[in-house]
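Chemist: Attaching a single structure in structure tokens format; questions to follow.
The values are calculated or read from the model by the stated rules, or taken from the named source; none is laboratory data. Here the structure is a predicted model, which is why all the values come from computation and not from measurement. Using ideal geometry, Cβ is built from the backbone for each residue, glycine included, and neighbour counts are taken over all protein chains shown.
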Amino acid sequence: MVFPMIAQPAAGVLLHPTSLPGPFGIGDMGPEAFQFVDWLADAGQGFWQFLPLGPPGDGDSPYQSLSAFAGNPLLISPEMLVEDGLLSADQLAPVSHTCDGRADRVDFPAVEKAKNPLLQWAFDRFNALPASHALHVSFDDYRDGQAMWLNDFALFMALREINGEQAWTRWQEGVDSNRRPLPGMSESLRPRIRFHTFVQWVFDRQWDALRRYANGRGVRLIGDLPIYVSHDGADVWANRELFQLDASGQAAAVAGVPPDYFSETGQLWNNPLYNWDANRQQGYRWWIHRVRGLLGRLDFIRLDHFRGYQAYWAVPAGATTAEQGQWVPGPGAELFEAIDRAMVAQPDATAKHHLCLPLIAENLGYITPDVDALQQRLGLPGMIVLQFALTGAIEGEFDPAAIDGNTVLYTGTHDNNTTRGWLEEEVSLQPEQLQRVRRFVSAEPATIAWELIELAWRCSAHLAIAPAQDLLQLGSQSRMNRPGTNTAQHPNWSWRMERGVLNRHLQERLLRLTADSGRMTPERIAANQ
């Protein structure tokens with residue numbers, strides 16, 4: 001079976017937008033993002049993959065977002081606000097100077113402190129425009145079209161502000177004993193509600209421009225749907241019946257995974273678990289809106305922690321590790337078939353069918369036959385990570401020629417070490433693993449990253465993807481995430497690519513490999529003819 005949504009073999013690069021270079025301390029949707037799209041397109045790459053785009057919460061993690069629907073305000077481009085006439089160029093220089101810190105790391109608190117005034121200034125200028133202005137018309141249409149989630153989110157953010165950014169279970173101002181808004185609070189907080197609505201309109205306006213440009217250059221976008229949402233987020237606050245909460249709003253049990261490759265005590269994520277019976281009774285309405293919203297921004301969705309839809313690991317609330325959990329049945333195919341029926345016309349609403357939606361199953365971790373059966377029933381492409389496959393961390397002997405075409409093959413993911421760091425800090429310390437790896441590559445630190453990229457590109461998987469760090473042959477200091485840890489010495493999610501490192505030489509090297517392996521985009525083939 002071949003990848004159902006891609007006509008021919010293709011390749012791409014994994015790079016979160018925050019990791020792009022730029023003058024404001026963080027990558028954003030501005031000129032550097034458009035230049036990255038050009039670099040990908042001219043290298044023959046058909047895909048740009050990234051992490052969740054929501055506003056990060058605890059630990060700056062994009063997987064602990066304040067909303068499953070909202071965009072991250074820190075990704076808004078100040079330069080594009082100037083193009084829209086909502087900022088002046090002279091307002092940018094002081095902010096750029098303030099954010100002029102380490103080029104290889106994001107200082108999230110500093111960036112937020114520097115960029116938030118820009119958004120407020122843009123909002124003030126927007127409000128000064130006449131009501132008939134085209135921007136106001138666009139804003140009003142957006143607000144009406146996104147009301148299902150946007151009204152709750154903007155109110156949540158406004159209440160969060162007057163409560164000192166505390167978790168909603170600790171709110172005292174503007175809410176009753178159940179942390180519901182008091183009568184009249186929507187009117188009282190109307191300026192701040194409008195501000196947060198404006199910020200989301202700007203985000204989606206800029207993202208839509210970037211996506212249209214990428215698609216026009218033959219680059220499609222793969223984003224993430226985290227299986228869980230943050231407890232301290234608008235989704236849980238506004239839809240408590242859909243989650244396993246106690247009477248005070250605290251999680252009755254929390255999410256995680258048992259001991260695995262990344263941690264001997266498991267990974268304790270602490271997200272609240274879903275009340276799947278309540279979701280089912282509502283026809284999975286919240287989920288349908290969630291997937292529809294993501295597909296308004298993306299071309300493909302990677303289903304994070306796919307195995308959790310078949311059975312999820314439930315850990316008692318208050319546990320300090322994830323070791324003492326248990327597997328509990330999830331919604332299985334019923335959830336996805338309900339989403340598919342809502343978004344794609346089907347002649348028989350009760351029929352079992354392969355999904356028509358562009359989804360990718362992240363089928364990593366503790367995978368059992370029933371998880372494989374769910375993936376097969378839905379017809380979803382799965383994932384293979386070379387770092388796991390080459391060391392025997394997944395079952396079976398690795399055979400590059402025998403990989404199912406309905407697969408996305410990665411050298412590594414955002415949770416893995418960089419390939420060079422993996423060799424130097426993990427494989428080299430275990431002779432048996434090193435011997436396994438050397439059956440396929442020479443396993444030398446100076447060449448290992450590109451050896452794995454070439455191996456991935458020449459395998460039979462229909463789509464091959466490498467993190468940008470592997471293209472640059474970077475070591476573990478450039479790792480994006482260390483699951484279960486986040487320290488001052490190794491802060492997660494903060495890595496940034498320095499300006500100019502994705503140069504023409506690297507582009508031509510990737511282009512040659514992509515052409516030789518038959519993964520060139522049709523647009524690039526046509527340009528070469």
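Chemist: Being in a loop (DSSP other than H, G, I, E, B), modelled with pLDDT under 95, among the basic types (Lys, Arg) and more than 25 Å from residue 105 (Cβ to Cβ): is that true of residue 482 here? Steps first, answer last, please.
Modeler: Details: in a loop (DSSP other than H, G, I, E, B): yes; modelled with pLDDT under 95: yes; among the basic types (Lys, Arg): yes; more than 25 Å from residue 105 (Cβ to Cβ): no.
So residue 482 fails the test.
Chemist: So, in region 415-455, exactly how many residues are buried (at least 24 other Cβ atoms within 10 Å of the Cβ) and within 30 Å of residue 359 (Cβ to Cβ)?
Modeler: Qualifying residue count, region 415-455: 7.
Chemist: Have a look at 74, 53 and point out the one that is buried (at least 19 other Cβ atoms within 10 Å of the Cβ), among the hydrophobic types (A, V, I, L, M, F, W, C), over 20 Å from residue 299 (Cα atoms) and out of contact with any Ser or Thr (no Cβ under 6 Å at 6 or more places or on another chain). Break it down stepwise before answering.
Modeler: On the way: 53 fails: over 20 Å from residue 299 (Cα atoms).
Step by step, each of 74, 53 is checked, and only 74 is buried (at least 19 other Cβ atoms within 10 Å of the Cβ), among the hydrophobic types (A, V, I, L, M, F, W, C), over 20 Å from residue 299 (Cα atoms) and out of contact with any Ser or Thr (no Cβ under 6 Å at 6 or more places or on another chain).
Chemist: Right, next: Test of understanding: among 93, 41, which residue is of a type in the set (Gly, Ala, Ser), within 26 Å of the chain's Cα centre (by Cα) and not in a loop (DSSP other than H, G, I, E, B)?
Modeler: Going through 93, 41 in turn, the sole match is 41.
Chemist: Next question. I want to confirm something. Restricting to region 362-414 and keeping residues that are out of contact with any Asp or Glu (no Cβ under 9 Å at 6 or more places or on another chain) and acidic (Asp, Glu), which single residue is modelled with the lowest pLDDT?
Modeler: Among those that are out of contact with any Asp or Glu (no Cβ under 9 Å at 6 or more places or on another chain) and acidic (Asp, Glu), it is 395.
Chemist: Same structure, new question: What's the number of the condition residue 265 fails, among (1) of a type in the set (Val, Ile, Thr); (2) part of a helix (DSSP H, G or I); (3) at pLDDT below 95?
Modeler: Result: residue 265 fails condition (2) only.
Chemist: In region 281-333, how many are of a type outside the set (S, T, N, Q), more than 21 Å from the chain's Cα centre (by Cα) and either over 21 Å from residue 369 (Cα atoms) or crowded, with 16+ Cβ neighbours inside 10 Å (or both)? Break it down into steps so the answer makes sense when it comes.
Modeler: Residues of region 281-333 that are of a type outside the set (S, T, N, Q), as a first pass: 283-309, 311-319, 322-323, 325, 327-333.
Narrowing further to those that are more than 21 Å from the chain's Cα centre (by Cα): 283-285, 311, 313-319, 322-323, 325, 327-333.
Remaining after also requiring either over 21 Å from residue 369 (Cα atoms) or crowded, with 16+ Cβ neighbours inside 10 Å (or both): 283-285, 311, 313-319, 322-323, 325, 330-333.
The number of residues fulfilling the criteria is 18.
Chemist: I'd like to know if region 484-502 contains one or more residues that are surrounded by 13 or more Cβ atoms within 10 Å (Cβ to Cβ) and among the acidic types (Asp, Glu).
Modeler: Within region 484-502, not a single residue is surrounded by 13 or more Cβ atoms within 10 Å (Cβ to Cβ) and among the acidic types (Asp, Glu).
Chemist: Can you find, within region 24-36, the residue that is surrounded by the fewest Cβ atoms within 10 Å (Cβ to Cβ) among those that are in contact with a Ser or Thr (Cβ under 7 Å, 6 or more places away or on another chain) and under 12 Å from residue 104 (Cα atoms)?
Modeler: Filtering region 24-36 for residues in contact with a Ser or Thr (Cβ under 7 Å, 6 or more places away or on another chain) gives 24, 26-30.
With the extra rule that they be under 12 Å from residue 104 (Cα atoms), the set shrinks to 26-27.
Numbers: 26: 26, 27: 24.
So, considering only residues that are in contact with a Ser or Thr (Cβ under 7 Å, 6 or more places away or on another chain) and under 12 Å from residue 104 (Cα atoms), the one surrounded by the fewest Cβ atoms within 10 Å (Cβ to Cβ) is 27.
Chemist: Name, by its number, the condition in (1) touching a residue at least 24 places away in the same chain (Cβ under 8 Å); (2) of a type in the set (Val, Ile, Thr); (3) over 20 Å from residue 399 (Cβ atoms) that does not hold for residue 485.
Modeler: It is condition (1) that residue 485 fails.
Chemist: Consider region 511-529. How many of its residues are surrounded by 12 or more Cβ atoms within 10 Å (Cβ to Cβ) and either modelled with pLDDT of 85 or more or outside any helix (DSSP H, G or I) (or both)? Steps first, answer last, please.
Modeler: Taking region 511-529 as the starting set, the residues that turn out to be surrounded by 12 or more Cβ atoms within 10 Å (Cβ to Cβ) are 511-525, 527.
From what is left, the residues that are either modelled with pLDDT of 85 or more or outside any helix (DSSP H, G or I) (or both) are 511-522.
Residues that pass the stated criteria total 12.
Chemist: Please specify each residue of region 117-135 satisfying the condition of being assigned to a helix (DSSP H, G or I), over 31 Å from the mean Cα position of the chain (by Cα) and surrounded by 14 or more Cβ atoms within 10 Å (Cβ to Cβ).
Modeler: Within region 117-135, 125 is the sole residue that qualifies.
Chemist: Please determine whether any residue of region 293-304 is touching a residue at least 60 places away in the same chain (Cβ under 8 Å), small (Gly, Ala, Ser), under 30 Å from residue 412 (Cα atoms) and not in a loop (DSSP other than H, G, I, E, B).
Modeler: The answer is yes, given that some residue of region 293-304 is touching a residue at least 60 places away in the same chain (Cβ under 8 Å), small (Gly, Ala, Ser), under 30 Å from residue 412 (Cα atoms) and not in a loop (DSSP other than H, G, I, E, B).
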